[in-house]
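Trainee: The structure is given below, and queries will be raised subsequently.
The values are calculated or read from the model by the stated rules, or taken from the named source; none is laboratory data. It should be emphasised that the depicted structure is a prediction, and the values quoted were computed from it without experimental measurement. Virtual Cβ from ideal backbone geometry, glycine too; neighbours counted across all protein chains shown.
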Amino acid sequence: MPLEQGSWPASVAINELPVRGRAVCSGVIDAVTILPASAAPEFTAIMTDREFHRVAGDGGSHRVRLVWLGRRRVPGVVVGTRLRIEGMVSRRDGLPTVYNPRYEIIGTQET
């Protein structure tokens, strides 16, 4: 069944992502990797759903790697950006990884 524009399946916490399979989660971009021009185009970001994810013993369970193949940058995806992503989860170097995720930038409400 196709999704209506702007609709998303239920989101899960990053530490509850499946080892393999389609999932939706949200969080904040914690880091981005910019590769040199001589490397194949790839934009990588680490997203966390936990403000203080670097707690000892955490083991990175609240982080997911997002990889956009064939792109050197993704507009709007910078450190501090809040995203909702959807895609196929796999493991790379022990970290949940989603290649070419569908994403939505979640704005913050101004007061």
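Trainee: For Arg71, are the conditions met, namely being under 20 Å from Leu17 (Cα atoms) and among the basic types (Lys, Arg)?
Mentor: no
Trainee: Here is a further query. Cβ contacts < 6 Å: first residue without any contact (Cβ under 8 Å) to a residue 12 or more places away in the chain and over 13 Å from His62 (Cα atoms), restricted to segment 24-41; second residue acidic (Asp, Glu) and part of a strand (DSSP E or B), any location; separation 6+ or different chain. Result?
Mentor: none
Trainee: Which strands (runs of 3 or more DSSP E) does segment 63-111 wholly contain that include 1 or more residues that are small (Gly, Ala, Ser) and either at negative phi or surrounded by fewer than 19 Cβ atoms within 10 Å (Cβ to Cβ) (or both)?
Mentor: Correct list: 82-92.
Trainee: Sticking with this one: Please work out if Asp58 is among the acidic types (Asp, Glu), surrounded by 12 or more Cβ atoms within 10 Å (Cβ to Cβ), at pLDDT below 95 and under 10 Å from the mean Cα position of the chain (by Cα).
Mentor: no
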